[in-house]
Structure formats: C-alpha cells, structure tokens
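Participant: Mind having a look at this structure? Questions to follow.
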Amino acid sequence: MDHADRKIAPDMPEMRSVRIGAPVAMPPRSLLRSAPTTTKSATTPLRTIATSTAEWKPSNIPSLPQMYPLERSHARVKNDTSAVAQRIASVLRQQSLAPVFEDQKASGETQCHVRFVVRLFVDGDDLVVEVQRRSGCCFVFHQVSKALLQAARGETVMALPEFVVPNSLIKEEQQRAACDEALELANELLLKDRIDAQVLGMQSLVHMTREGGCKHSASAILKGPVMDTLLKFVRLSKGIDDEFLVGHRTNMRGDAFHVLANCLAREASKMSFDKFASDQVLKSVIDELRVAAEKPHNACHAARVLASLVKNSEAIKLRAEQLDAPAAIIMAFNEGISRHAMLEEEAKALKREMANCM
C-alpha cells in the first residue's frame, strides 16, 4: 500500500472513558471498611436503648479479621469487655453524645451532627476498640474519638477544648457591622431552596450565637427578619416520605432550636413573646420533648427554649401546662437520665420553672 493512501488520524485528546479500560474488580469483603455483620431475624430488634441508665452489654464479640484494616482511631486493651463497655457508655452519656447501643457496637452523634460508630473485636487476649467516623467534622471527631479511647483504656478523659475569640481583637463598632452583614447573608442562605445553602446559613447562626460569639447577634436575631425564618424551620412538617429530606429537616429544626435557645438565654428578659405565644410554635417545642428518644439533641435545645419562655411569660406558662408540657418534660428527663446528661440537666431546670408556675 502506498504511503500516500494511508489515512492519518487527527491528533485529538482521547476520552477518559476509553483510556480507563475495564473496571477494577472489587476487593474481597474482608478488605472493606465495614466490619462483618451478622444476619438479624425479623424479630430481633435493630437497636437497644436503655430506659434507666446508660448500659451497654455487648455479647458475641467477633474476632478481628486477619485482613481487616483498622482505623487509626483504635486502642487495644485488656479483654475485660464489661468494664470497657461501661466506661465507654458512661463517657457517651456524660458528654451527651446520644448513644444507641447494639449487641456488638454503639453509635452516637454530636450536637454538630458528627456521626460515629464504636466497634469491639477480640484479638487473642486483647480487646480492640475502634471508633469510626461516619459523617461530619474531622476535627470534632478527633476530639470525640480521643475521649472514647481514653475511657476504653481506663485513663482520665480530658474535657473537649473550647476556642473563643478575645473581645480585644475586634472593636465593638466593627463587630456590630460585621454581625449585621453576616446575619443578612445567613438569612439569604436559609431562604434558598438548596439544602447545602440552608445548612451553611444555619451553621453560621449557631456559631454567631454561641457563648463567646457576637454580643449583638442575639438581639438582632430576635428582633429582625431572621426570627421569622427560624420559626419557619421550627414549624417544619415531618409528613414527607424522602428519608434524606426527613433527616435534613430534623437537623435544621434542631439547629433552629439551638439558635433560639442561645438568643433567649441572653435577651429573654428584654423582648416581646408574641411570636412564641402561638399554639403552633408552642406545640412544636413541646412535641420535640415528647420524641426525645429519637433526637435527644433537639429535645435538649427545645427544653432550653421553653425554660426561657415560661420563666419570662406567665401566659406561655399557663398555655404550656394546658398543652400537657409537664408530661413531655418527664419523658425528656427520663431520656436524659438514660443517655444524654445535658438533656437531663435542661429538663430538670424546665421542671423547676414549670413547678414555679403552678
């Protein structure tokens, strides 16, 4: 064949899908991150939650698979399963990490939605404790896993660090201007339809109103348009089928309670409670206490909100009693005793405020 008759292919970039070739085979199950699980029958409960004290009684602990890559957040301790499990369960409750205990593992969640799992394995004479992050902030998970592994080893659990910006670094006028601008941006994000925008906006409000945050933020939120936006999230309906949207709405409602609780703790004695006096808002707060077993973090913040309201408004006190708030408070208090120390404390304080109104 003459060289002149050959067709020269144009020099063009190849598609990536052509160059990748055949898909890589999946590794065997023993190399995957998730530990082997046992098949549960239809009558076996998936989760076991203590009703009086935070107890974890693991049994049938599996041996550590030879090819199972442990997370860096693990510890080897003397194989005293009962003592180790109780120390871990105690820290989970004391630090209000909302634990859920199963046969061979425990799961928990922080108030900023960091989810994790604690697994146990037997390796010879050792008990291996592994803490695995499922979602959320890596830094917060590092602090939580450090505390849990200290408890597993029987060491003194160090308190989680708190960082506060010194007031001397920012002048009050600059802080007020920056706060107003940040609130406007956060409110714009909350009003968008996009889930990621709503999450960013709500997280901004949580950080702005926490202790050591902007002093002006609480007053500006309670007296400005952000207040109406927060109450919209408080009143969000649960009547949807999409599991992801249900989780998002639940987290946003809990964060809205968190922001309102922070603001009311500072400004409750200086404001009007007309927007909180509606039955729809009060029922939303009280209903959150009734379902404390599902979301104890949300119930904790709802208890803080209701305590500020009944302390400063006689009308809200009486209406809360008519809506059977005392029974809901007892349910939240019992759940706090079980697995959430902060909820127990806030529910106890709310019980005292309600008793003062009777």
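The values are calculated or read from the model by the stated rules, or taken from the named source; none is laboratory data. These figures come from a predicted structure and were not determined experimentally. Glycine also receives a Cβ, built like all others from the backbone with ideal geometry; neighbour counts cover every protein chain displayed. Areas reflect the complete protein model, heavy atoms only, side chains present, ligands, DNA and RNA absent. Shrake-Rupley method; radii C 1.70, N 1.55, O 1.52, S 1.80 Å.
Participant: Can you give me the relative contact order of segment 216-358 as a percent, contacts being Cα pairs under 8 Å and 6 or more apart?
Facilitator: Details: 165 pairs, mean separation 31.6, N = 143.
Over segment 216-358, the number comes to 22 percent.
Participant: Taking the Cβ of LEU120 as the centre, find all other residues whose Cβ is under 12 Å away and add up their charges (Lys, Arg: +1; Asp, Glu: -1). Spell out each step's value before the answer.
Facilitator: Working: positive: LYS57, ARG76, LYS105, ARG119; negative: ASP80, GLU102, ASP103, ASP123, ASP126, GLU130.
Net charge around LEU120: -2.
Participant: How much net charge surrounds THR209 when only other residues with a Cβ under 13 Å from its Cβ are counted (Lys, Arg +1; Asp, Glu -1)?
Facilitator: Details: positive: ARG210, LYS215, ARG266, ARG304; negative: GLU211, ASP255, GLU267.
Net charge in that neighbourhood comes out at +1.
Participant: Among SER82, SER90, what's the order by accessible area (1.4 angstrom probe), most exposed first?
Facilitator: Details: SER82 80, SER90 45 Å².
Ranking SER82, SER90 by accessible area, largest first, yields SER82, SER90.
Participant: Right, something else. Residue separation times 0.36 nm, minus the C-alpha to C-alpha distance between LEU70 and LYS171: what's the value?
Facilitator: On the way: separation 101, 0.36 × 101 = 36.36 nm, distance 4.84 nm.
Additional length available on full extension: 31.5 nm.
Participant: While we're on this one: Using protein chains only and a probe of 1.4 angstrom, how many square angstrom of LYS351 are accessible, to the nearest 10?
Facilitator: The value for LYS351 is about 80 Å².
Participant: Of all alpha-carbon pairs in segment 265-350, indicate the percentage at a distance above 19 angstrom.
Facilitator: Details: 1129 of 3655 pairs.
Of all Cα-Cα pairs in segment 265-350, 31 percent lie more than 19 Å apart.
Participant: While we're here: How much accessible surface area, in Å² rounded to 10, belongs to the heavy atoms of ARG266 with a 1.4 Å probe?
Facilitator: So the heavy atoms of ARG266 present about 80 Å² to solvent.
Participant: With Kirkwood's inverse mean 1/r over C-alpha pairs for Rh, give me the Rg to Rh ratio of segment 183-320, two decimals please.
Facilitator: Working: Rg = 14.2 Å, Rh = 15.0 Å.
For segment 183-320, the value is 0.94.
Participant: Once each part is reduced to its C-alpha centroid, what is the distance from segment 93-155 to segment 302-326 in angstrom?
Facilitator: Comparing the Cα centres of segment 93-155 and segment 302-326, I get a distance of 36 Å.
Participant: So for each of 96-105, 250-259 I average, over its residues, the number of other beta carbons within 10 Å; can you give me the resulting order with the highest mean first? Write out the running numbers ahead of the final one.
Facilitator: Numbers: 96-105: 21.0, 250-259: 23.8.
Ranked by mean Cβ neighbours within 10 Å, highest first: 250-259, 96-105.
Participant: Tally Lys and Arg at +1 and Asp and Glu at -1 over the other residues with C-beta under 12 Å from the C-beta of LYS283: what net charge comes out? Write down the numbers at each step before the final one.
Facilitator: Values: positive: ARG235, ARG290, ARG319; negative: ASP279, ASP287, GLU288, ASP324.
Net local charge, LYS283 excluded: -1.
Participant: Another question, then. Taking the Cα of HIS248, stepping 7 Å toward and past its beta carbon, and measuring to each backbone N in segment 186-209: which are under 12 Å?
Facilitator: Answer for segment 186-209: 192-200.
Participant: Let me ask another. Note down the nm distance, to one decimal, between modelled labels 7 Å out along Cα→Cβ at ASP123 and at LYS223.
Facilitator: 6.0
Participant: Just to confirm, what accessible area per residue do you get for segment 218-352 at 1.4 Å probe, in whole Å²?
Facilitator: On the way: 5570 Å² over 135 residues.
With the other protein chains kept in place, segment 218-352 gives 41 Å² per residue.
Participant: What is the spin-label model distance, in nm, from GLN322 to GLU102 if the labels are put 7 Å beyond Cα along the C-beta direction?
Facilitator: 4.6
Participant: First compute the accessible area of segment 230-338 with a 1.4 Å probe, then give the percent of it belonging to carbon and sulfur atoms. Mind showing how you got there, number by number?
Facilitator: On the way: 2320 of 4500 Å².
Carbon and sulfur atoms account for 52 percent of the accessible area of segment 230-338.
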